[in-house]
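Step one of this worksheet: look at the structure below.
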């Protein structure tokens, strides 16, 4: 095969639409001749940013495809994975810089594989939050399947930790506040991540953490058969192992919380919490989760109120773990505040907590009064309910979806001591869910509270009430609500123990 000339490469770039006629004429004018060494042409094109090295390499190889996806011109390869590759690209008309995630060719003619890929993209399009990388466009036609995302200038969290070596505790807390915020937003929309790991968190040049790749949430139906046990898609082996050993379902947000704890552990210490291995059998072994070295032993200088967050997030008992990302977020925010107030805390040089001295942190669990599921769609009121009830020792589970709440409680009626539905924003959906709990055999004995606003007073006549199923009217003080719960939950626990 004859070596390409400068003129042949320039013509190829023009034919493919990489160079305009005007640009091509300007290049030849600058070089003074078309009979120049190929290297001179390449250097000029790259120096003037008319082509990238990635585009030049493809041209020299004789590639005729992969330069454009829809209206987006590929600049260079950003990263590769088992299923897809990610490119930095630019819109041909607007010049907007984006990331384009493209399904690999070997999966592109398989309806199951590309169907799941498209579902991943469509799911991502529904998520709009500062700490989640947004997906703008999803394309699927014949053997070409890709979606267009925001391009985050920066690096992933694994690279960030590797380069920094030591991340200050206050910086680690801020990163995980962003991660928890994104997870809570998704949780409120009944979406779990299912592939939470260091490489799926991007750190922008401004230091903001953003979650990427909610793909496994769309791939729950795909299984890979192993010798003794069906696994979800191979990327989810760690999740499958955790859930197998803790007895929770595959869409449980508490699994995301566990791996968020692993992430905080890694950022604080520089080493992974779980032994890393490519051996599937080793990754499925329960000892990976039971033999984790306590974070305070690896880094005894860390403030106890920060290691507390790691320990609680990584508790193997899912009922003693944080129940929602919002709970973890609240403790991280308190930790960040403490770190900002303590001169040594933000550098990780504070004194470790003496083993025989009880910790004084407000992050430590008060005497537990029971668990309450709060069904409330607005973030502001979620924060009020969470903070107000946690101060009294209640464990708070938050969700914005009444139907999801009923379904969860039907399957796990012992999960909480009371369910609280606020109808102010949810409207009739809250009333219907409240009544459904009272009708279902599995949940009819569960205490429940329906909060109605003043203009919803007439709905009380439609509510199925009893001694343990109450209707309250807003406005209501937090003390009044805690008093009501204090009467409802102990009586329910007594009834359960008597039964």
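Things worth noting here:
- Burial ordering of 289, 187, fewest other beta-carbon atoms within 10 Å first: 289, 187
- Mean sequence separation of contacting Cα pairs (under 8 Å, at least six apart), scaled by the length of the chain, corresponds to a relative contact order of 9 percent.
- Cα→Cβ-extended label distance, 7 Å offset, between residue 251 and residue 71, nm: 3.4
- Judged by the mean number of other Cβ atoms found within 10 Å, the most tightly packed of the peptides 372-378, 464-470 leads the ranking 372-378, 464-470.
- Order by protection proxy (mean Cβ within 10 Å, highest first), peptides 2-8, 382-388, 321-327: 321-327, 382-388, 2-8
- The chain - share of DSSP beta bridges that are antiparallel (%, nearest 5): 65
- Helix 304-313 vs. the chain, principal-axis angle (Cα, 0 to 90°, nearest 10): 90
- Rounded if a/c under 1.5, otherwise prolate or oblate - the stretch 1-119, Cα gyration tensor axes: prolate
- Within the stretch 92-227, the proportion of Cα pairs with more than 28 Å between them is 23 percent.
- Shape category assigned to the stretch 68-150 from the gyration tensor of Cα positions, a/c cut at 1.5: oblate
- Three semi-axes of the equivalent ellipsoid, the stretch 6-56, Cα gyration tensor, whole Å, largest first: 14, 12, 10
- A Stokes-Einstein calculation at 37 °C with viscosity 0.692 mPa s, built on the Kirkwood radius of the stretch 366-499 over Cα pairs, returns a diffusion coefficient of 225 µm²/s.
- Nearest-0.05 FRET efficiency for residue 125 and residue 15, computed from C-beta distance (R0 35 Å): 0.55
- By the helix-only formula, in which each DSSP H run with n ≥ 4 contributes -39500 (n - 2.57) and the sum is divided by residues, the chain has a 222 nm mean residue ellipticity of -12500 deg cm²/dmol.
- Alpha-carbon centroids, the stretch 111-129 and the stretch 302-330: separation in whole Å: 30
- Which of 278, 61, 250, 390 has the fewest Cβ neighbours within 10 Å, and the rest in rising order: 278, 61, 250, 390
- From least to most packed, judged by other beta carbons within 10 angstrom and beginning with the fewest, 283, 128 follow the order 128, 283.
- The shape of the stretch 259-325 can be summarised by an equivalent ellipsoid whose semi-axes, obtained from the alpha carbon gyration tensor, come to 20, 16, 10 Å from longest to shortest.
- Rounded to 10°, Cα long-axis angle of helix 325-341 versus longest principal axis of the chain: 80
- Gyration tensor (alpha-carbon) shape descriptor, the stretch 435-494, a/c threshold 1.5: oblate
- Cα-based helix-to-principal-axis angle, 402-411 vs the chain, degrees rounded to 10: 70
- Stokes-Einstein D for the chain, Kirkwood Rh over Cα pairs, 10 °C, 1.306 mPa s (µm²/s): 62
- Put simply, when 167-174, 479-486 are sorted by average Cβ atoms within 10 angstrom per residue, most first, you get 167-174, 479-486.
Just so you know, all these numbers are worked out from the coordinates, no wet-lab data involved. Here the structure is a predicted model, which means the values were calculated and not measured. Cβ: placed from backbone, ideal geometry, glycine included. Neighbour counts: every protein chain shown.
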